[in-house]
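K.L.:
Take this structure, written in structure tokens, and hold onto it; I'll ask about it next.
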Amino acid sequence: MKAHLNRRSFIKRTAVAAGAASAAGIFPVNLLAQGRHAAGDKLNCVQIGAGERGFQEHIQKQAIGRLSQNLYAVVDPDEKKHAAVRAWLQRSHLDPSKTQFFTDYREMFDKCGSNLDAAFVAAPNHHHATASAMALNHGISVYCEKPLCHDVAEARMLRRLAAKYPKLATQMGNQGHCEEGYRKLCEYVWAGAIGNITETHSWTDRSNGGVGPRPPVLPVPEGMRWDSWIGPAAYRDYHSDLHPHEWHGWYDFGNGSIGNMGCHVLDGVYWALKLEHPDSIELEQVRGGTDERYPTGSRVRWDFPARGEMPPVKVYWYEGLNPNTTANSNGIMRTAGGSARNLPPLYFELQKQYPDEEFGSNGTIYVGEKGYLYTGTYGEQMHLVPREKMVSTPSPAKTLARPKDSFTDFINAVREGRANTAIPFEYGAQLTEFVLLANLAMHAGLHNKVEWDGPGMKVKNIPALNDWVQRDHRKEWRV
């Protein structure tokens with residue numbers, strides 16, 4: 001792995017480039033800020049990434065229904081996705097000729113940037129920060145899927161850019177943050193429903209990792225612009241197990257299981273416990289993985305210091321397959337009995353103690369001085385354990401707003417010319433950074449505690465790990 005640019009050089013380069021471009025008038029403000037939209041006009045939107053999430057969620061919400069806007073452009077390196085979007089637009093009685101199609105968002109911004117109000121980013125993780133930063137530098141509000149970026153340095157960069165353009169709306173796609181569960185959780189925790197919380201245990205059934213060497217090189221599929229798919233990452237030839245979804249398991253493109261699900265499952269932990277920078281992160285268990293791929297199962301622990309009146313807390317993450325599982329002719333099974341899934345021991349203890357208690361395939365148990373709380377993947381099913389305690393425990397006051405949903409909140413913010421959204425980059429970047437620190441522990445290896453200097457954005461005790469804090473983008477893709 002090539003040594004990365006140091007943090008000072010990265011900040012200086014980004015600031016100089018953005019400042020010079022702004023001074024030269026290269027980056028226009030959006031049409032609403034220019035007063036070029038009438039009150040009832042629709043927003044001009046670009047969709048970057050037209051795969052499953054980008055197509056089924058973003059495009060369909062942008063183009064039809066109560067949130068419908070003007071789908072001005074679509075960017076995807078796979079031209080088969082272009083054909084699928086055109087066909088859908090026709091079936092939906094919309095004119096595909098009114099939407100421009102690109103395989104490279106750099107070209108799209110050059111040609112269309114001055115006409116756009118909002119960018120929606122649903123590309124693979126390694127494109128998130130680059131595409132979002134380019135949009136902001138063109139005066140375009142941004143909705144980007146979770147995780148907001150691929151590494152910690154990108155999280156810091158997006159926070160700086162969002163602060164630099166305070167009139168632009170930013171939103172990380174993390175739907176649970178807008179829903180009732182996590183907001184209710186915060187109110188219960190802050191009201192002291194289970195006392196001081198000293199541990200949390202979060203899990204997912206996802207196993208976005210792998211084993212074995214890189215697959216052999218294959219011809220690039222027809223219609224795929226492979227260099228555009230690679231984007232800012234280090235170039236490699238096309239092979240299987242990458243497109244359209246398997247990229248999650250590779251270091252260069254995804255962030256493993258926690259990158260896929262952590263911003264959902266851990267959102268309540270970060271928010272309700274008012275977490276900031278951890279003192280350390282450690283990989284406690286691991287299964288699978290290579291020098292290019294994330295594990296197929298792991299357990300990670302963050303150690304956080306006291307925050308105000310809240311005591312120190314240990315945050316645990318369990319993912320994928322239990323490290324004690326083995327495969328035989330009958331499939332995957334545990335050598336010592338129990339579940340093949342990697343779940344907290346507390347999960348089984350509480351189910352045994354309370355037989356009627358049901359926990360989901362992704363979730364979190366909060367351990368307090370006076371009891372337990374549980375939330376599901378997106379904060380749903382928030383309740384005290386056992387559930388009967390919800391009846392005898394007074395409901396705290398609703399102190400947090402209840403936005404309708406993340407898409408509605410973002411579109412309304414852009415239309416109203418306000419930057420404050422439910423999940424702005426200021427919050428989304430901090431949540432993402434917290435989640436991605438688990439990847440540093442995975443790179444450090446089993447039982448190698450990572451001592452983290454949050455304000456300085458560096459690993460204190462294992463200097464080589466700082467190469468993973470900030471990756472070196474390909475020159476032609478640098479922001």
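K.L.:
So who's got an amide H within less than 5 Å of the one on ARG206, skipping anything under 5 residues away but keeping other chains? H placed 1.01 Å off N, in plane.
P.N.:
Correct list: GLY320.
K.L.:
Calculate how steeply helix 7-23 sits against the longest principal axis of the alpha-carbon atoms of the chain, using the helix alpha-carbon long axis, and give the answer as 0 to 90 degrees to the nearest 10.
P.N.:
30
K.L.:
Would you mind checking the pairs LYS352/LYS389; LYS167/LYS398; LYS81/LYS475; LYS61/LYS404; LYS370/LYS449 and listing those with alpha carbons more than 21 angstrom apart?
P.N.:
Numbers: LYS352/LYS389 17 Å; LYS167/LYS398 29 Å; LYS81/LYS475 27 Å; LYS61/LYS404 14 Å; LYS370/LYS449 30 Å.
Among LYS352/LYS389; LYS167/LYS398; LYS81/LYS475; LYS61/LYS404; LYS370/LYS449, the Cα-Cα distance tops 21 Å for LYS167/LYS398; LYS81/LYS475; LYS370/LYS449.
K.L.:
Solvent-accessible area of HIS239, probe 1.4 Å, all protein chains present, reported in Å² to the nearest ten, please.
P.N.:
Number for this one is 0 Å².
K.L.:
Within the stretch 192-208, list the residues whose amide N lies under 20 Å from a label point set 7 Å along Cα→Cβ of SER339.
P.N.:
Under cut-off, by backbone N: 199-208.
K.L.:
Here's another thing I want to ask about it. Using only Cα atoms, tell me the angle between helix 256-265 and the longest principal axis of the chain; keep it within 0 to 90° and round to the nearest 10.
P.N.:
80
K.L.:
If each residue of separation counts as 0.36 nm, what is the full-extension length gain between GLU451 and ARG106 once their alpha-carbon separation is subtracted? Intermediate results must be reported in sequence, preceding the final value.
P.N.:
Values: separation 345, 0.36 × 345 = 124.20 nm, distance 3.76 nm.
Length gained between GLU451 and ARG106: 120.4 nm.
K.L.:
Helix 125-137 versus the longest principal axis of the chain: what is the Cα-based angle in degrees, 0 to 90, to the nearest 10?
P.N.:
Result, in degrees: 50.
K.L.:
Right, next: Could you run the Karplus curve 6.51 cos²θ - 1.76 cosθ + 1.60 with θ = phi - 60° over the stretch 159-169 and give me ³J(HN,Hα) per residue in whole Hz, x for Gly and Pro?
P.N.:
These are the phi-based 3J(HN,Hα) values: 4, 5, 5, 4, 5, 5, 10, x, 8, 8, 7 Hz.
K.L.:
Another question about this same structure. Calculate, for the stretch 210-323, the solvent-accessible area per residue in square angstrom, rolling a 1.4 angstrom probe over the heavy atoms of the protein chains.
P.N.:
On the way: 4040 Å² over 114 residues.
Accessible area per residue: 35 Å².
K.L.:
Loop-only check: which trypsin sites (Lys or Arg not before Pro) in the stretch 57-120 are DSSP coil with at most 15 other Cβ within 10 angstrom?
P.N.:
Values: sites: LYS61, ARG66, LYS80, LYS81, ARG86, ARG91, LYS98, ARG106, LYS111; in loops: ARG66.
Those that pass, being in a loop and sparsely packed, are ARG66.
K.L.:
Taking amide H positions as placed 1.01 Å from N in the peptide plane, with prolines and chain starts having none, which residues 5 or more places from LYS458, or on another chain, fall under 5 Å of its amide H?
P.N.:
ASP453
K.L.:
Could you tell me what percent of the accessible area of the stretch 365-449 is made up of carbon and sulfur, with a 1.4 Å probe and every protein chain present?
P.N.:
On the way: 1820 of 3580 Å².
Of all accessible area on the stretch 365-449, carbon and sulfur atoms account for 51 percent.
K.L.:
Further question: What is the spin-label model distance, in nm, from GLU416 to ARG53 if the labels are put 7 Å beyond Cα along the C-beta direction?
P.N.:
2.6
The values are calculated or read from the model by the stated rules, or taken from the named source; none is laboratory data. The shown structure was predicted, so the numbers you read here are calculated from the model rather than taken from an experiment. Backbone-built Cβ (ideal geometry, glycine too); neighbour counts: all protein chains shown. Each accessible area value is taken on the protein alone, full model and side chains, heavy atoms only, with ligands, DNA and RNA left out. Shrake-Rupley method; radii C 1.70, N 1.55, O 1.52, S 1.80 Å.
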